[in-house]
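Q: Structure in structure tokens, see below.
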Amino acid sequence: MSRQVALLRGINVGGHKKFPMAQQRALMAELGFRDVTVLLQTGNIVFADPGTPPGETARTLEAGFAAALGFSVPVMVRTRDDIAAAVAANPFPEAAAEPKTLHLTFLSEPPSDTAPLDALDPAGYAPDTFRLVGRDLYLWCPGGIGRSQLAAAVTAASVKLGVTATARNWNTVLRVLGAAEGG
């Protein structure tokens, strides 16, 4: 069975936009989605492919969530194959040994103007580094993301790309892929 993955942005962070896992599951069912698995409070929902393109599925979810919750929740939908391709395309395979140091920011689409990212000189932030691959932005911070000046700079630049973005650490990306593969 093919699967899609909804990646929700900005929920359950700092007590704002509360959307508990049980409510996510229930609302997905109310919206007609089947075989739903919710991973973590941060909004990672794996479900049976409804037979619609991911962009259309995302619009359906955004409208349904807004109507039910009273606030907007940006949603990006990827297929299982999209997630698997993002994992395979990891430009920092050596980071996989310490997955908490690697983050993947999913972008709603490839940015048409990458100037905000291009303006960052990774050499000035070494050993931290990043790479944009299509609509996926990889950030590797060997010393941890919490103290990384590059993480803050990449986040600020991402806001200027003109696309919706939501980040996950590598452990979460792998868990989402595992769930999408039926595991």
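Q: Just the residues that are part of a helix (DSSP H, G or I) and surrounded by 18 or more Cβ atoms within 10 Å (Cβ to Cβ), please, taken from the range 83-100.
A: Listed by number, the residues that qualify are ILE83, ALA86, ALA95.
Q: Here are LEU40, LEU132, LEU137, LEU104: which of them is under 15 Å from ALA6 (Cβ atoms) and either at pLDDT 95 or above or of a type in the set (A, V, I, L, M) (or both)?
A: Step by step, each of LEU40, LEU132, LEU137, LEU104 is checked, and only LEU40 is under 15 Å from ALA6 (Cβ atoms) and either at pLDDT 95 or above or of a type in the set (A, V, I, L, M) (or both).
Q: Restricting to the range 117-132, give me the number of residues that are surrounded by 13 or more Cβ atoms within 10 Å (Cβ to Cβ) and out of contact with any Gly (no Cβ under 9 Å at 6 or more places or on another chain).
A: We begin by selecting, within the range 117-132, every residue surrounded by 13 or more Cβ atoms within 10 Å (Cβ to Cβ); these are 117, 120, 122, 125, 128-132.
Filter once more, so that each one left must be out of contact with any Gly (no Cβ under 9 Å at 6 or more places or on another chain): 117, 120, 122, 125, 129-132.
Adding up the residues that qualify gives 8.
Q: Give GLN23, GLN4 a once-over and let me know the one that is touching a residue at least 24 places away in the same chain (Cβ under 8 Å) and touching a helix residue (DSSP H, G or I) at 6+ places or on another chain (Cβ under 9 Å).
A: From the options GLN23, GLN4, the qualifying one is GLN4.
Q: For the range 62-74, which residues satisfy the criterion of being surrounded by 16 or more Cβ atoms within 10 Å (Cβ to Cβ) and either at pLDDT 95 or above or in a loop (DSSP other than H, G, I, E, B) (or both)? Steps first, answer last, please.
A: Taking the range 62-74 and keeping what is surrounded by 16 or more Cβ atoms within 10 Å (Cβ to Cβ), we get 62, 64-65, 73-74.
VAL73, PRO74 - these are the residues of the range 62-74 that are surrounded by 16 or more Cβ atoms within 10 Å (Cβ to Cβ) and either at pLDDT 95 or above or in a loop (DSSP other than H, G, I, E, B) (or both).
Q: Ok, one more. For the range 117-183, give me every one of the strands (runs of 3 or more DSSP E) that falls completely inside it and has 2 or more residues that are closer than 19 Å to GLN41 by Cβ.
A: Per the criteria, 165-169.
Q: Something else now. What's the number of the only condition in (1) under 22 Å from PRO74 (Cβ atoms); (2) in a strand (DSSP E or B) that GLU109 fails to meet?
A: Only one criterion in (1) under 22 Å from PRO74 (Cβ atoms); (2) in a strand (DSSP E or B) is unmet by GLU109, namely (2).
Q: Show the residue pairs that are 6+ apart or on different chains and have beta-carbon atoms under 6 Å apart, the first residue being within the range 146-164 and within 16 Å of ARG135 (Cβ to Cβ) and of a type outside the set (A, V, I, L, M, F, W, C), the second being in a loop (DSSP other than H, G, I, E, B) and at pLDDT 90 or above.
A: From the range 146-164, the pairs are THR164/PRO74; THR164/SER108.
Q: What tally of residues in the range 38-61 results from selecting those that are in a loop (DSSP other than H, G, I, E, B), hydroxyl-bearing (Ser, Thr, Tyr) and over 14 Å from the mean Cα position of the chain (by Cα)?
A: Number of matching residues: 1.
Q: Please verify whether the range 14-31 includes one or more residues that are under 16 Å from the mean Cα position of the chain (by Cα) and buried (at least 19 other Cβ atoms within 10 Å of the Cβ).
A: no
Q: Read through the list (1) loosely packed, with under 13 Cβ neighbours inside 10 Å; (2) outside the structural domain of LEU174 (by TED's automatic domain parsing), then give the number of the only condition that LEU39 fails.
A: Among (1) loosely packed, with under 13 Cβ neighbours inside 10 Å; (2) outside the structural domain of LEU174 (by TED's automatic domain parsing), the lone unmet condition for LEU39 is (1).
Q: Counting only residues that are farther than 15 Å from ASP121 by Cα and aliphatic (A, V, I, L, M), which one in the range 133-164 is surrounded by the most Cβ atoms within 10 Å (Cβ to Cβ)?
A: LEU137
Q: Let me ask you something else. Which of the residues that make up the range 1-37 are assigned to a strand (DSSP E or B) and not hydroxyl-bearing (Ser, Thr, Tyr)? Spell out the reasoning first.
A: Keep residues of the range 1-37 that are assigned to a strand (DSSP E or B), which gives 3-8, 13, 16, 37.
Passing the criteria: ARG3, GLN4, VAL5, ALA6, LEU7, LEU8, VAL13, HIS16.
The values are calculated or read from the model by the stated rules, or taken from the named source; none is laboratory data. Remember, it's a predicted structure, so these values are computed and weren't measured experimentally. Using ideal geometry, Cβ is built from the backbone for each residue, glycine included, and neighbour counts are taken over all protein chains shown.
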